[in-house]
Amino acid sequence: MSASRKTNQCNSRPSSQEIRAKIRAYPHLEEKVYLQLLLHLHEKRYVAIDDIYELARKEVKTFQYDHDPGSPNVGPDQWSSNERRLIRRLTLKYACEYLSEKEIDELIFSVVKRDYVYALENIANLTDVSFGVVADKVREFCRIPSMTPLPKEEVLGLRVSLLRHFISEHLEYIRIAKHYITIRDMEPVVDNTLGSAAGHGRIGGKAAGMLLGYKIIQSTLGDKYGDLIRIPQSHYLRTDVFEDFLSLNGLTKYQHQKYKSPEEIRNEYPAIQEVFRNGQFPDYIVKQCRAMLKKLGKHPIIVRSSSLLEDNFKAAFSGKYQSVFLGNQGSLDQRLSQLLAAIGEVFASGIAPDPLMYRRERNLLDYDEKIGILIQRVVGFKYSHYFLPAYAGVALSRNDYTWSPRIREEDGLMRIVMGLGTRAVDRVGDDYPRLVALSAPSLRPESNLEEQKRYSQTHVDVINLQTNSYEIIHLGDLWCNERMPEAEKIISLEEDGYLQAPYTDVPPAHYPKGVVTFSNLMGNTPFPGIMRNVLSVLEEAYECPIDIEFSHDGHHLYLLQTRPMAQRVAEEAVVIPRNIPLQDQIFSTQRYVRNGQVDNVEYIIYCDPRAYHQITDDPTRHQLARLIGTLNQRMVGKKFILMGPGRWGSNNINLGIPVQYSEINNTKVLIEIAHRESDYTPEVSFGTHFFLDLVEKGIHYLPLFPDESDNSFQQEFFSETPNALGSLSSESTQLEPYIKVIDVRQALKGRLLHLRMDGQHNLALAYVDDGT
């Protein structure tokens with residue numbers, strides 16, 4: 001091989017003595033370093049390995065045995081010690097001639113890194129190795145200068161081992177994460193992890209999803225957006241701390257709550273919650289939490305669940321576990337006490353009715369679930385005596401809510417609110433987040449001024465720094481004489497019968513006149529495009545639709561959560577029969593319809609919205625919710641429809657029956673009824689935890705507007721058919737004025753009831769036929 005003598009004159013060349021000194025710093029790796037130098041000289045075509053070998057053999061005057069190529073069992077002799085010494089000397093000679101000091105340093109450090117990689121992988125794969133041992137080895141590795149990275153195939157094994165050790169054991173997650181989360185990315189994780197050095201635990205699913213989503217965005221969009229997209233300052237309380245907490249307080253018996261009946265689980269949970277909230281923590285956790293609070297200062301924090309099963313590919317557990325906002329004000333001892341109580345409350349949510357029923361229906365009860373905790377600085381700023389982000393919400397990479405031909409499903413959907421994002425992911429009271437189709441972000445489903453005002457956000461979720469608590473306040477109570485960051489992007493002002501997005505800064509005195517529209521944010525900033533790009537790269541990496549939660553402080557977009565999105569099984573095109581006689585049409589609607597059909601409906605559980613409105617006491621409404629839960633359990637395997645005043649599961653008891661997911665999870669269709677004279681306007685719930693639960697379970701969702709001229713509703717069918725409630729729950733006869741169970745075959749004298757939903761034409765019809 002002819003050696004190229006073209007060299008880089010800008011780089012100094014070390015002497016052979018200097019190179020030897022560098023190599024002798026790693027005596028156990030000398031042979032490997034010389035070999036790496038030799039291979040590099042060969043690959044760069046400076047000198048051929050065969051030429052160096054030949055020179056060494058000639059110098060020591062050894063005989064090169066030219067073996068017969070047809071005799072595989074006979075080969076050349078191994079190098080003698082003299083030959084090895086000469087090969088090293090020649091390697092140094094050519095290294096001095098052709099390689100810069102930087103190249104030599106990189107080659108030496110590559111050998112050192114490779115040695116660390118193999119050693120660390122072996123340690124991380126040990127079944128009983130502690131967190132502290134592996135964490136220390138990760139820190140040692142990260143002290144090696146990065147320089148040229150090792151080939152990816154050489155580090156994937158170690159990445160897998162560390163992901164499994166610190167973050168997640170789920171193979172679907174590891175399959176993706178190993179390409180984005182590097183060994184060096186582990187150092188901030190282990191440095192911010194709370195738990196015993198001798199323990200064995202992980203940071204859990206929610207933290208895992210957030211980290212992976214962020215690394216995917218950094219890898220694919222980092223050059224485009226720089227540090228615009230971030231994650232909040234985070235601390236990770238490992239899942240093994242949950243076990244230590246149970247053991248210390250004698251609470252391990254509650255791990256068996258999952259095998260009890262739904263009624264027992266629900267009845268016992270309030271007491272369990274109180275016990276957990278007041279539980280004691282190991283001394284090491286108390287000390288670590290105290291040190292963490294000193295580091296965070298008096299900045300508001302959120303304590304979030306991050307269980308082993310959470311945000312999984314096959315079961316997202318959306319909204320199943322608790323999150324607790326803390327104002328984090330007061331003395332250090334007060335803040336510590338509040339933090340520990342919040343951790344206990346989140347621990348308790350692991351055995352709450354909803355997650356246990358969710359696990360039961362997915363055959364996950366026997367999994368040894370453990371709750372990790374994600375503690376984060378709340379994204380936002382101080383405004384008056386409140387703390388809040390400019391806006392926050394949830395975004396889905398797929399949009400099923402295509403109310404216009406201009407909307408493309410693949411561009412995604414966003415639910416966005418001013419203030420804390422809880423208002424976007426939960427079913428709130430008489431309030432509405434802004435729904436944004438990211439393919440046409442300025443397009444709104446509301447057609448006139450009154451509708452835009454009516455379906456706008458009127459309340460905001462904040463942290464009150466004076467009361468040290470999370471609060472829901474009216475927007476009018478938020479505004480003050482201070483300037484609100486991003487206000488001009490959030491509100492519009494009414495002018496000449498229209499809502500007008502501001503052209504210039506809005507004086508604080510005019511804030512109370514504003515309506516939350518996000519018109520400027522959607523129409524005059526790159527934000528919708530950024531969200532579209534983020535969702536696109538995440539979906540491509542995950543190889544499935546995803547949803548994220550986010551928050552914005554007016555300067556940076558913060559990723560709070562990434563998880564695979566629940567998908568309904570694709571429905572075939574639905575055909576609605578024509579010429580159904582009016583007397584056989586039970587109800588129809590032409591708003592917010594998605595494809596689906598349920599044939600041969602056996603039961604309807606019907607709660608009359610007008611009757612519900614007449615209930616004057618909250619205990620009766622709660623009793624009604626519990627009764628629906630009982631009926632839901634007793635009708636397992638039956639085809640039944642649940643109909644009632646919208647909104648099901650609302651946190652405002654006046655606007656909907658306060659059921660939990662576990663109390664409606666067996667229905668085939670959930671219908672929300674809105675009469676014109678009432679305030680029960682069903683919120684389009686696409687994107688909420690509530691809606692994602694329905695999609696994941698395959699429950700069809702349908703809002704019904706009986707008083708609209710293009711819809712139909714056969715009130716006589718619901719009011720005059722016999723009530724079969726007594727045959728299913730004889731102890732609940734006092735609630736018969738508010739709820740009716742219709743045995744469809746008995747009521748229709750053997751005829752059949754079908755529900756067809758044609759999303760393409762936005763039409764749904766429930767009708768009766770003879771089954772012929």
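The values are calculated or read from the model by the stated rules, or taken from the named source; none is laboratory data. Keep in mind the model is a prediction, meaning the values are calculated, not measured. Backbone-built Cβ (ideal geometry, glycine too); neighbour counts: all protein chains shown. When the accessible area is computed, the model is the full protein with side chains, heavy atoms only, and any ligands, DNA or RNA have been set aside. Shrake-Rupley method; radii C 1.70, N 1.55, O 1.52, S 1.80 Å.
Within the range 124-145, the set of residues being closer than 24 Å to TYR236 by Cβ and surrounded by fewer than 17 Cβ atoms within 10 Å (Cβ to Cβ) comprises ASN125, LEU126, THR127, ASP128, VAL129, SER130, GLY132, VAL133, ASP136, ARG139, GLU140, ARG143.
Might you check whether a residue that is of a type in the set (Lys, Arg), outside any helix (DSSP H, G or I) and either surrounded by fewer than 15 Cβ atoms within 10 Å (Cβ to Cβ) or touching a residue at least 12 places away in the same chain (Cβ under 8 Å) (or both) occurs anywhere in the range 219-231? Within the range 219-231, one or more residues are of a type in the set (Lys, Arg), outside any helix (DSSP H, G or I) and either surrounded by fewer than 15 Cβ atoms within 10 Å (Cβ to Cβ) or touching a residue at least 12 places away in the same chain (Cβ under 8 Å) (or both). Does any residue of the range 754-770 turn out to be more than 25 Å from ALA611 (Cα to Cα), open to solvent by less than 30 Å² (accessible area, probe 1.4 Å) and over 39 Å from the mean Cα position of the chain (by Cα)? Scanning the range 754-770, I find at least one residue that is more than 25 Å from ALA611 (Cα to Cα), open to solvent by less than 30 Å² (accessible area, probe 1.4 Å) and over 39 Å from the mean Cα position of the chain (by Cα), so the answer is yes. Residues considered: GLU154, GLU187, GLU172. Of these, the only one that is touching a Cys at 6+ places or on another chain (Cβ under 9 Å), surrounded by fewer than 20 Cβ atoms within 10 Å (Cβ to Cβ) and assigned to a helix (DSSP H, G or I) is GLU187. The set of residues in the range 616-639 being under 18 Å from VAL741 (Cβ atoms) and in a loop (DSSP other than H, G, I, E, B) consists of MET635, VAL636, GLY637, LYS638, LYS639. Mind listing whichever residues of the range 219-268 are small (Gly, Ala, Ser) and modelled with pLDDT under 95? Across the range 219-268, the qualifying residues are GLY222, GLY226, SER261. For beta carbons closer than 7 Å, sequence separation of 6+ or different chains, a first residue in the range 616-641 that is closer than 15 Å to TYR661 by Cα and a second that is among the charged types (D, E, K, R) and assigned to a helix (DSSP H, G or I), the qualifying pairs are ALA625/GLU663; ILE628/GLU663; GLY629/GLU663; ASN632/GLU663.
Pairing each residue of the range 45-56 that is among the aliphatic types (A, V, I, L, M) with any residue that is open to solvent by 80 Å² or more (accessible area, probe 1.4 Å), provided the two are 6+ apart or on different chains, yields C-beta distances under 6 Å for ALA48/MET1. For the range 271-280, the count of residues that are without any contact (Cβ under 8 Å) to a residue 60 or more places away in the chain, out of contact with any strand residue (DSSP E or B) (no Cβ under 8 Å at 6 or more places or on another chain) and closer than 27 Å to ARG362 by Cα is at least one.
Of the candidates LYS6, LYS61, the single residue that is part of a loop (DSSP other than H, G, I, E, B), over 17 Å from ILE104 (Cβ atoms), modelled with pLDDT of 55 or more and not polar (S, T, N, Q) is LYS61. Taking the criterion of being part of a helix (DSSP H, G or I), open to solvent by 40 Å² or more (accessible area, probe 1.4 Å) and under 18 Å from GLY344 (Cβ atoms), would at least one residue in the range 318-327 satisfy it? No, every residue in the range 318-327 fails to be part of a helix (DSSP H, G or I), open to solvent by 40 Å² or more (accessible area, probe 1.4 Å) and under 18 Å from GLY344 (Cβ atoms).
Taking the numbered list (1) under 23 Å from ASP547 (Cα atoms); (2) over 24 Å from the mean Cα position of the chain (by Cα); (3) modelled with pLDDT of 90 or more; (4) not basic (Lys, Arg) in turn, LEU443 passes all entries but (3).
Among strands (runs of 3 or more DSSP E) lying entirely in the range 689-772, which contain 1 or more residues that are small (Gly, Ala, Ser)? Write out each step before concluding.
Values: elements: 700-704, 739-743, 752-758, 763-769.
Counting at least 1 such residues, we get 763-769.
Return a yes/no flag: does the range 296-309 have any residue that is in a loop (DSSP other than H, G, I, E, B), open to solvent by less than 50 Å² (accessible area, probe 1.4 Å) and under 22 Å from LEU212 (Cβ atoms).
Within the range 296-309, the first condition is being in a loop (DSSP other than H, G, I, E, B), and the residues that meet it are 297-300, 308-309.
Cutting the leftovers down to open to solvent by less than 50 Å² (accessible area, probe 1.4 Å) gives us 297, 299-300, 308-309.
Right, trim to under 22 Å from LEU212 (Cβ atoms) and you get 308-309.
Within the range 296-309 (the criterion being in a loop (DSSP other than H, G, I, E, B), open to solvent by less than 50 Å² (accessible area, probe 1.4 Å) and under 22 Å from LEU212 (Cβ atoms)), the answer is yes, since at least one residue qualifies.
For ASP477, the criteria (1) farther than 30 Å from VAL324 by Cβ; (2) within 35 Å of the chain's Cα centre (by Cα) hold in every case but one, which is (1). Any chance the range 270-289 includes a residue that's acidic (Asp, Glu), assigned to a helix (DSSP H, G or I) and more than 27 Å from the chain's Cα centre (by Cα)? Checked the range 270-289: at least one residue is acidic (Asp, Glu), assigned to a helix (DSSP H, G or I) and more than 27 Å from the chain's Cα centre (by Cα).
List pairs: first residue in the range 731-744 and open to solvent by less than 60 Å² (accessible area, probe 1.4 Å), second residue part of a strand (DSSP E or B) and of a type in the set (Phe, Trp, Tyr) anywhere in the structure, Cβ distance under 8 angstrom, at least six positions apart or on different chains. Pairs that qualify, where the first residue is open to solvent by less than 60 Å² (accessible area, probe 1.4 Å) and the partner is part of a strand (DSSP E or B) and of a type in the set (Phe, Trp, Tyr), are ILE739/TYR606; LYS740/TYR606; VAL741/TYR603; VAL741/TYR606; ILE742/TYR603; ILE742/TYR606; ASP743/TYR603; VAL744/TYR603. Within the range 135-146, residues that are farther than 8 Å from ARG184 by Cα and modelled with pLDDT of 90 or more reach partners that are loosely packed, with under 13 Cβ neighbours inside 10 Å and not charged (D, E, K, R) with beta carbons closer than 9 Å, at six or more positions or on different chains, in the pairs ALA135/ALA197; ASP136/ALA197.
Run down TYR558, TYR606 and say which single residue is of a type in the set (Phe, Trp, Tyr) and within 32 Å of the chain's Cα centre (by Cα).
Matching residue, one of TYR558, TYR606: TYR558.
A single entry from SER146, SER168 fulfils the requirement of being within 30 Å of ASP283 (Cβ to Cβ) and either touching a Lys or Arg at 6+ places or on another chain (Cβ under 6 Å) or among the polar types (S, T, N, Q) (or both): SER168. Listed residues ILE216, ILE174; which is under 17 Å from the mean Cα position of the chain (by Cα) and either within 18 Å of VAL117 (Cβ to Cβ) or at pLDDT below 95 (or both)? The unique qualifying residue is ILE174.
Confirm whether VAL417 is outside any loop (DSSP other than H, G, I, E, B), touching a Leu at 6+ places or on another chain (Cβ under 7 Å) and at pLDDT 85 or above. Spell out the reasoning first.
Numbers: outside any loop (DSSP other than H, G, I, E, B): yes; touching a Leu at 6+ places or on another chain (Cβ under 7 Å): no; at pLDDT 85 or above: yes.
In short, no.
In the range 356-371, the residue that is surrounded by the fewest Cβ atoms within 10 Å (Cβ to Cβ) out of those that are in contact (Cβ under 8 Å) with a residue 60 or more places away in the chain and not acidic (Asp, Glu) is LEU365.
Tell me which residues, restricted to the range 640-672, are among the basic types (Lys, Arg) and touching a helix residue (DSSP H, G or I) at 6+ places or on another chain (Cβ under 9 Å).
Residues of the range 640-672 that are among the basic types (Lys, Arg), as a first pass: 647, 668.
Of everything in the range 640-672, just one residue is among the basic types (Lys, Arg) and touching a helix residue (DSSP H, G or I) at 6+ places or on another chain (Cβ under 9 Å), namely ARG647.
Screening VAL575 with (1) of a type in the set (A, V, I, L, M); (2) open to solvent by less than 30 Å² (accessible area, probe 1.4 Å); (3) touching a residue at least 40 places away in the same chain (Cβ under 8 Å) gives one miss only, at (2). Filtered by the rule that a residue be more than 17 Å from LEU702 (Cβ to Cβ) and either modelled with pLDDT under 90 or within 31 Å of the chain's Cα centre (by Cα) (or both), the range 631-644 gives ASN632, GLN633, VAL636, GLY637.
Scanning the range 486-521 for residues that are of a type in the set (S, T, N, Q) and in contact (Cβ under 8 Å) with a residue 24 or more places away in the chain, which turns out surrounded by the fewest Cβ atoms within 10 Å (Cβ to Cβ)? First the steps, then the outcome.
Pass one, the range 486-521, residues of a type in the set (S, T, N, Q): 492, 500, 504, 517, 519-520.
With the extra rule that they be in contact (Cβ under 8 Å) with a residue 24 or more places away in the chain, the set shrinks to 492, 517, 519-520.
Values: SER492: 23, THR517: 24, SER519: 23, ASN520: 20.
Out of the qualifying residues, it is ASN520.
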